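So the structure is just underneath, and the comments pick up after that.
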Amino acid sequence: MPSLVMTIAADLYALQEIDSAVEATKASLTAVEEQLGESEELIAGRQAVEEGRDALEDVGKQQRELEWQVDDLRSRLSDVEGKLYGGSVRNPKELGSMQDEANILRGQLRRREDELLDLMVRVEETQAALREAEESLTEVEERWRQDQRELTSEKGKLEGELAGLEEKRGQQSGLIDARVLALYDNLWERRQGRAVVKVERGMCGGCRISLPMTVLQKARSGMDVVQCVSCERILYVS
Ligand SMILES: [Zn+2]
């Protein structure tokens, strides 16, 4: 018959429940803390925007360089054409070489203008890619900030729970004799948090062995610590 007063095993079982809750809360807290701070998604998003800006700066530089070359070729061509059709040069040989020069300049100008057109398309594409990366980063940042707020509040809640549990742990362990507490702590370590087990239908709830009648009777009295003959866990008859 279970005793009406709290037995040693019942006190230890209650302590184990607190310790299990402490362990679970600590694990949740660690998981929350690991998620606090910058996420990989956020870092990747920032990097994509940075790369997009670099690419745009690069094509912008190429565009300015080509525009400068086009202007230069146009002005040189206009000089040559001015002389060619101005009437001041009459020497056929000189006119012939000027004609050649004008043709060369026209060819160069056409090529540069074609290059510039292609580049303008690339500038537009690069601008569009950058805008997309910036929009995506804004979304990622918003989501991240929201997550961080929730995680911070979750962290506070868990820390509060942990403080409450540790206070309860202190009170509960205060009810237990130091020698018994040392045995419990040792078993908790060795049996991965299951130092105290319930006796179910005459069996140890830890290793499922059928317990000898004398052990069962002692465990039922609850007045002393009774351990399983096989796994050494503390037996609790509820
Ligand atoms: Zn056992």
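Any read-out appearing in this document is the output of simple, stated calculations on the displayed coordinates, not a laboratory observation. Worth saying up front: this structure is predicted, and the values here are computed from it rather than measured. Note: ideal-geometry Cβ built from the backbone for every residue, glycine included; neighbour counts use all protein chains shown.
Please report how many Lys pairs in the chain have alpha carbons closer than 24 angstrom, counting only residues at least 8 apart along the chain or sitting on separate chains.
On the way: Lys26/Lys155; Lys26/Lys157; Lys26/Lys168; Lys83/Lys93; Lys155/Lys168; Lys157/Lys168; Lys168/Lys198; Lys198/Lys218.
So the count works out to 8.
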Have a look at Tyr13, Tyr184, Tyr85 and tell me which one the Gaussian network model of the chain (Cα, springs below 10 Å) gives the largest fluctuation. Tyr85
On C-alpha positions alone, give me the angle between the axis of helix 178-190 and the longest principal axis of the chain, in degrees, nearest 10. 50 degrees
For peptides 231-237, 14-20, sequence by mean Cβ density within 10 Å, most packed first: 231-237, 14-20
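First select every other residue whose beta carbon is under 9 angstrom from the beta carbon of Gly52; then total the charges, Lys and Arg +1, Asp and Glu -1.
Details: positive: Arg53, Arg131; negative: Glu50, Glu51, Asp54, Glu132, Glu134.
That works out to -3.
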Sequence of Ser78, Ser88 once ranked by neighbouring C-beta atoms within 10 Å, starting from the fewest: Ser88, Ser78
Equivalent ellipsoid, region 36-172 (semi-axes from 5 times Cα gyration tensor eigenvalues, Å): 70, 10, 8
Against the longest principal axis of the chain, how steep is helix 40-86, in degrees 0 to 90 to the nearest 10, with axes from Cα atoms? 0 degrees
GNM on the chain, Cα springs under 10 Å; top mean-square fluctuation among Gln69, Gln146, Gln172 goes to Gln69
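Hull surface divided by four, with the convex hull built on the Cα atoms of the chain: how many nm²? Before the final figure, lay out the partial values.
Working: hull surface 92.3 nm².
Over every viewing direction, the Cα hull of the chain projects on average to 23.1 nm².
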